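> First, the structure itself, so that you have it in front of you.
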Amino acid sequence: MSNSNNYDRTSQNESDGQKFSGYDDKESGKTDWYTEDGTLDSSTKTPSDEY
């Protein structure tokens, strides 16, 4: 994670309110999700921005 202000997307758990910042890797098609304290939580397939 280079700079916490350069995230590509955000998400918040409905169950506990925890917030995550997502950083997209366009080459791999995955998003790395970090907690508010900068800890890598998970890596998932990049969500579609289409609704």
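> Can you tally the net charge around K45? Count Lys and Arg as +1, Asp and Glu as -1, for every other residue whose Cβ sits under 12 Å from the Cβ of K45.
Values: positive: K30; negative: D24, D25, D32.
Cβ neighbours under 12 Å give a net charge of -2.
> By how many nm would the segment from D49 to D16 lengthen if fully extended, with 0.36 nm per residue of separation less the alpha-carbon distance? Please list the in-between numbers first.
Numbers: separation 33, 0.36 × 33 = 11.88 nm, distance 2.40 nm.
Contour length minus the Cα-Cα distance gives 9.5 nm.
> While we're here: With all protein chains present, how much of the accessible area of the chain (probe radius 1.4 Å) comes from carbon and sulfur, to the nearest whole percent? Write out the running numbers ahead of the final one.
Details: 1640 of 4100 Å².
In the chain, the share of accessible area belonging to carbon and sulfur is 40 percent.
> Here is a further query. Where only protein heavy atoms count, and the probe is 1.4 Å, what is the accessible area per residue for the chain in Å²?
Details: 4100 Å² over 51 residues.
Each residue of the chain exposes 80 Å² on average to a 1.4 Å probe.
The values are calculated or read from the model by the stated rules, or taken from the named source; none is laboratory data. On a predicted model such as this, the values are computed, not experimentally measured, just so you know. Heads up, the Cβs are rebuilt from the backbone with ideal geometry, glycines too, and the neighbour counts pull from every protein chain shown. Surface areas here come from the heavy atoms of the whole protein model, side chains and all, with no ligands, DNA or RNA. Shrake-Rupley method; radii C 1.70, N 1.55, O 1.52, S 1.80 Å.
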